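One structure is given below, encoded as structure tokens.
The values are calculated or read from the model by the stated rules, or taken from the named source; none is laboratory data. Here the structure is a predicted model, which is why all the values come from computation and not from measurement. Note: ideal-geometry Cβ built from the backbone for every residue, glycine included; neighbour counts use all protein chains shown.
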Amino acid sequence: MPKKKTGQRKKAEKQKLRLKEIRSREVPLADFPCNAPMECDKCERKQKSRAFCYFCQSLQRLPICAQCGKVKCMLKTGDCVVKHAGVFTTGLGMVGAICDFCEAWVCHGRKCLQTHACTCPLQNAACLECERGVWDHGGRIFKCSFCNGFLCEDDQFEHQASCQVLESENYKCQSCNRLGQYSCLRCKTCYCEDHVRRKGFKYEKNKAIPCPKCNYDTSVTKDLSMSTRSHKFGRQQQGGAADSDDEYGGGYYGGYSGAGTSSGYSGYGGGDDEDSEDDDDEDYDDDDETEEDSDENETEASEEEKEASNAKDDKTNKK
């Protein structure tokens, strides 16, 4: 029979599990010391924590370590690569290097110098929208809450507003025609219950199913406010009948709408058609009258010419 655990042993095991969870927890990108907010001492402009000011290139009075986040190095730790005489040191006496990824100071502690470059959270931190890195802008770096991609301060809200849009025109699975119950917010695709699971792969219980394409955790489609991508073409109507005369008529085939309305809706406009026919008849009568008047004027002119020519002939005969 195994011995019963004492209260002290149970407490020690619980504390051990709690410390393990704390170490393995996922820290938000905004809480890392290398991405902490900083205000320049000279120009007083807010920016991401970095070795030199992005705007005026001035050195900060109290640099912050990008790994441990400390401002003051205490001699009691005994981990310092650069030995200092006093009990503590600050400023340039505390720093040991500048990270190439996050452009921030790293203290001269051995552990920070050895581990930060490999575990820096801002490696390849290029914005998804503007494709700018840490060295190209002065703001902080954030992550999209849907696709987990890097975003700068200028584009974070604009990107997240349009991130939940599928690349297809419906919510159907990409491999079959069934409704996609799971959606990958990184690939912008939907998968059904059968095609989201890969053969020969073991899935953990009570955890999100990874995407079969990019291995990113999928989400249930009904729990998201997903929308589909729509395509607008030239002759497609975009919101009812057209009101202005400049547009292509009131229907889908606007160029031919006039021919259809004159013959199709005769019951609503019968009186107008009769009035238009009467007007046409009056126009034809006026044209006939003008033609008759012109013919009479021509006959009168020809008779006068004949009389004048006869008078000339009589005069010549008398002579």
How many residues are over 19 Å from ALA117 (Cβ atoms) and either charged (D, E, K, R) or assigned by the TED database to the domain that holds GLU153 (or both) if we restrict to the range 35-73? 8
Could you please give the count of residues in the range 1-57 that are of a type in the set (Ser, Thr, Tyr) and surrounded by 10 or more Cβ atoms within 10 Å (Cβ to Cβ)? 2
Given the conditions (1) within 30 Å of the chain's Cα centre (by Cα); (2) within 27 Å of ASP41 (Cα to Cα), every one holds for VAL82 apart from (1)
Keeping to the range 180-212, report how many residues are surrounded by fewer than 14 Cβ atoms within 10 Å (Cβ to Cβ) and out of contact with any Ser or Thr (no Cβ under 7 Å at 6 or more places or on another chain). 12
The range 17-39, residues that are of a type in the set (A, V, I, L, M) and in a helix (DSSP H, G or I): LEU17, LEU19, ILE22, LEU29, ALA30
The residue from LYS70, LYS10, LYS42, LYS5 that alone is at pLDDT 85 or above, over 22 Å from GLY93 (Cα atoms) and out of contact with any Gly (no Cβ under 6 Å at 6 or more places or on another chain) is LYS10
Report whether or not CYS176 is outside the structural domain of GLU129 (by the TED database), at pLDDT 80 or above and exposed (fewer than 13 other Cβ atoms within 10 Å of the Cβ). yes
